[in-house]
Amino acid sequence: MAFLQLPSIPEARANAEKWNSHWEQLLEKQLPAFAPEAIVAQRYNEILFNGHQDRQSMAYANHFETTCTLRLFMAKEFFVACATDHLVTRWTSASLSERRKHVLLALVSVCTIAKDLHDSRMSCPELTLDHLSQDPKVLLNLITALVPDGFDFFSNVPLGTIFYIPNPAWDELGRQEHTFNELQKLVYRDQRTLRTKLIYLVIQHTYLSFIGRGPPPTTVLKEREKPKEEYGKILSDAAMKADPSTRKQRSRIENIDHKNRLKDRRVVCAGCRRAQMNGEANFMQCSSCKSKMSRDVPYCSKECQKAHWKAHKVICGKPLNVDVVHESLAASPQPTPTSPYPYKHVTIGPPVAPFKRSLELNVHIVNLAAADSLTGRADFIVELDGQGGTFVFTFPRTPAAAYTTCVNARELAMTTGDRAATAALCHFVLWVFGAKKKMTIPQLEWPLWRMSVEFGYPDLGTAVQELSKKQENDLHRRAPLFFDFSEEDWTAVLKDLGFKL
């Protein structure tokens, strides 16, 4: 096999552009070494040679658990950013150079956390500057893959679930998993999880950088029982003989960087996931795992060890495989998912198959929940431009049937995508806004386009125009949503909305 020199973490710190160009050149070549089966085979052979299957199992358990937790945290964080920082609208309207800047910052920030994350970039052809920044929808679609059910994620998605980012090559290898032996299955699952975690983190660091927030603190697990190994195995003996001076210099730089990163690593309690702080007494160990398997399972206290026993007894002092790891993780205490914005008055049900909410509609719902939780008076939100301007609409409360009519239409539109209900509701909201601002519906081109995107209804503009004509021809000039209202009730609706009659 020909010698392949990967970019290094010190290169990322020294010259981000050059480091990224090196990575992208390698990814563009679609090298055989970057194929999923080659990545898995390389790692598989390393474990066989070093005899580190138990360490690999523990690493996989940590990678899987932290990726699940990251997914949960990012979902809430993303929807809060949408509500408070207008993330989707701002990202969509940002310049290409602005988006590229933040994607590059994220790539460097994430890939310098740990070497396994850095080298996992070979399994992520999606992580290129052009792919992530040229079309703003690409990053947003990756977020949709992360939280496919949108706002409903907080009530109906199991926490022990990773939404893997689709990739034809990795997906195809996964379909062959039934032919793998236990170690091959373990290595495949771990490499796929690392790939997913890297993509998750790059997404997260990109949008946090974009809205002006720094990267979140990251705790890298410290292995107290890690055997001594030569660092920097990417350079082969052939390369060392061909250019020993380069090998020596590179090895020295990478070893210094590796030692510096080790200083920031922390021992983490297997129960509560708290990191051991500098100067704190060493965490205790599970004696059975230590004596029988030479495995380090740290606990910050006896109380924490006792509370974690239900999950740990599955693996305590026993050899590990993929199934045992997941059995232990399933028994671990898991946080309860909570919505970032609890509703006060607004209640919107989950989508009804086959309707799938767009990311934009999910953002509308979370913005609605945020406004409702703050004011208690928000029923529909209209985005007025691409700069975060919004019109918070409150449904009429008088007569009572008016409010029920609006809520029912909203429920149908947002849970089933019903075309008639969507058109009638959007027409009514835009007509009220336009009448108060002395604007006609054709002048509200941007809000109408935004609504069509939210509801996945390309012909919404045409449908709303037709409803406008029907309103003009109506004897009492009622909005079509209220065609079954009497003149008296329609007058009450207009008074409730503040129109002077």
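Points to keep in mind about this one:
- Among the residues of segment 310-327, none qualifies, meaning not one is in contact with a strand residue (DSSP E or B) (Cβ under 8 Å, 6 or more places away or on another chain) and either open to solvent by 70 Å² or more (accessible area, probe 1.4 Å) or modelled with pLDDT of 85 or more (or both).
- Checking each residue in segment 288-324 for being aliphatic (A, V, I, L, M) and in a helix (DSSP H, G or I) picks out MET293, ALA307, ALA311, VAL322, VAL324.
- Residue in segment 452-459 that is β-branched (Val, Ile, Thr), within 30 Å of PRO350 (Cβ to Cβ) and under 38 Å from the mean Cα position of the chain (by Cα) present: yes
- Residue under evaluation ALA35, criteria (1) open to solvent by 80 Å² or more (accessible area, probe 1.4 Å); (2) closer than 20 Å to LEU173 by Cβ, criterion not met: (1)
- The lone exception for PHE64 - which of (1) out of contact with any His (no Cβ under 9 Å at 6 or more places or on another chain); (2) at pLDDT 85 or above it fails: (1)
- Annotation note: Cβ proximity below 6 Å between a residue of segment 169-180 that is more than 13 Å from VAL322 (Cβ to Cβ) and a residue that is open to solvent by less than 80 Å² (accessible area, probe 1.4 Å) and of a type outside the set (D, E, K, R) (sequence gap 6+ or interchain) occurs for ALA169/PRO36; TRP170/PRO36; LEU173/PRO36.
- From the options TYR188, TYR207, residue that is modelled with pLDDT of 95 or more and surrounded by 14 or more Cβ atoms within 10 Å (Cβ to Cβ): TYR188
- Pick from segment 450-459, criterion outside any helix (DSSP H, G or I) and within 18 Å of ASN362 (Cβ to Cβ), ranking: least open to solvent (accessible area, probe 1.4 Å): PHE455
- Residues that are at pLDDT below 80 and either crowded, with 16+ Cβ neighbours inside 10 Å or more than 25 Å from the chain's Cα centre (by Cα) (or both), drawn from segment 370-388: ALA370, ALA371, ASP372, SER373, LEU374, THR375, GLY376, ARG377, ASP385
- Looking only at segment 408-449, residues that are among the charged types (D, E, K, R), part of a helix (DSSP H, G or I) and open to solvent by 20 Å² or more (accessible area, probe 1.4 Å) come to 5 in all.
- Residue match in segment 75-97 (condition: outside any helix (DSSP H, G or I) and free of Cβ contacts under 8 Å to residues at least 40 places away in the same chain): yes
- Scope segment 460-488; condition over 30 Å from LYS356 (Cα atoms) and surrounded by 19 or more Cβ atoms within 10 Å (Cβ to Cβ); matching residues: GLN471, ARG478, PHE485
- Long-range neighbours under 6 Å by Cβ, at least six apart or interchain, first residue in contact (Cβ under 8 Å) with a residue 24 or more places away in the chain within segment 464-492, second open to solvent by less than 80 Å² (accessible area, probe 1.4 Å) and among the aromatic types (Phe, Trp, Tyr): ALA479/PHE428; ALA479/TRP431; LEU481/PHE428; PHE482/TRP490
- Out of ASN62, ASN20, one residue alone is assigned to a helix (DSSP H, G or I), of a type in the set (S, T, N, Q), open to solvent by less than 40 Å² (accessible area, probe 1.4 Å) and over 30 Å from ILE315 (Cβ atoms). It is ASN20.
- Restricting attention to segment 45-59, the residues being open to solvent by less than 40 Å² (accessible area, probe 1.4 Å) and in a helix (DSSP H, G or I) number 5.
- If the condition is being small (Gly, Ala, Ser), part of a helix (DSSP H, G or I) and open to solvent by 30 Å² or more (accessible area, probe 1.4 Å), then segment 157-185 contributes only ALA169.
- Sole residue being at pLDDT 95 or above, surrounded by fewer than 22 Cβ atoms within 10 Å (Cβ to Cβ) and over 18 Å from LEU70 (Cα atoms), chosen from LEU104, LEU132: LEU104
- Condition check for SER109: in a helix (DSSP H, G or I), at pLDDT 85 or above and closer than 30 Å to HIS312 by Cβ: no
The values are calculated or read from the model by the stated rules, or taken from the named source; none is laboratory data. Please read these numbers as outputs of a predicted model, since none were measured by experiment. Backbone-built Cβ (ideal geometry, glycine too); neighbour counts: all protein chains shown. What goes into the accessible areas is simple: the full protein's heavy atoms, side chains included, and nothing from ligands, DNA or RNA. Shrake-Rupley method; radii C 1.70, N 1.55, O 1.52, S 1.80 Å.
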